[in-house]
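What follows is a structure written as structure tokens; I'll ask about it next.
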Amino acid sequence: YRLSRLLDDLSSGRLDGSYQKQLLALSKKQLLVIDDWGMEKMSQEQAGHLLELLEDRYQTASTIMVSQLPVKEWYNMIGNATVADALLDRLIHNSHRIELGGESMRKLAQSGQIG
């Protein structure tokens, strides 16, 4: 999932009554990959949706967060400080962090440096 699409789907679920069903389905997935974390600041509602999802998955399923934003800057992208503390506690506690360096693979592919 791209984070923006996931949050849009959850917000829509609140409106059409499918929110709980969506949360249940997402919490049962063994692995959930969330891409583009940190591209835009989250609203309080979005942060609440994500917190609820991560709470349901905490210590029962794996979640991978993909971001170009350094972890030390994640807190600032969550609109509510209390929710940020809770959300990041669930994300970072018992986590494994892989930080990549170097040139963008897209940039290298476009320049012909990789095949």
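Which residue pairs have Cβ atoms under 9 Å apart, sit 6 or more places apart or on different chains, and have a first residue in region 5-23 that is within 22 Å of GLU40 (Cα to Cα) and a second that is β-branched (Val, Ile, Thr)?
From region 5-23, the pairs are LEU6/ILE34.
As an exercise: evaluate TYR75 against (1) open to solvent by less than 40 Å² (accessible area, probe 1.4 Å); (2) of a type in the set (Phe, Trp, Tyr); (3) over 19 Å from SER11 (Cβ atoms) and give the number of the one condition it does not meet.
(1)
Inside region 20-58, can you point out the residues that are open to solvent by 60 Å² or more (accessible area, probe 1.4 Å) and touching a His at 6+ places or on another chain (Cβ under 9 Å)?
TYR58
Quickly run through region 81-115 and pick out the residues that are over 16 Å from the mean Cα position of the chain (by Cα), open to solvent by less than 90 Å² (accessible area, probe 1.4 Å) and either within 17 Å of GLY38 (Cα to Cα) or touching a residue at least 40 places away in the same chain (Cβ under 8 Å) (or both).
If the condition is that a residue be over 16 Å from the mean Cα position of the chain (by Cα), open to solvent by less than 90 Å² (accessible area, probe 1.4 Å) and either within 17 Å of GLY38 (Cα to Cα) or touching a residue at least 40 places away in the same chain (Cβ under 8 Å) (or both), then ALA81 is the only one that fits.
The values are calculated or read from the model by the stated rules, or taken from the named source; none is laboratory data. What you are looking at is a predicted structure, and each value in this text was computed from that prediction instead of being measured. Counting neighbours? That spans all protein chains shown, and the Cβs are built from the backbone with ideal geometry, glycine included. These area figures cover heavy atoms from the full protein model, side chains too; ligands, DNA and RNA do not enter into them. Shrake-Rupley method; radii C 1.70, N 1.55, O 1.52, S 1.80 Å.
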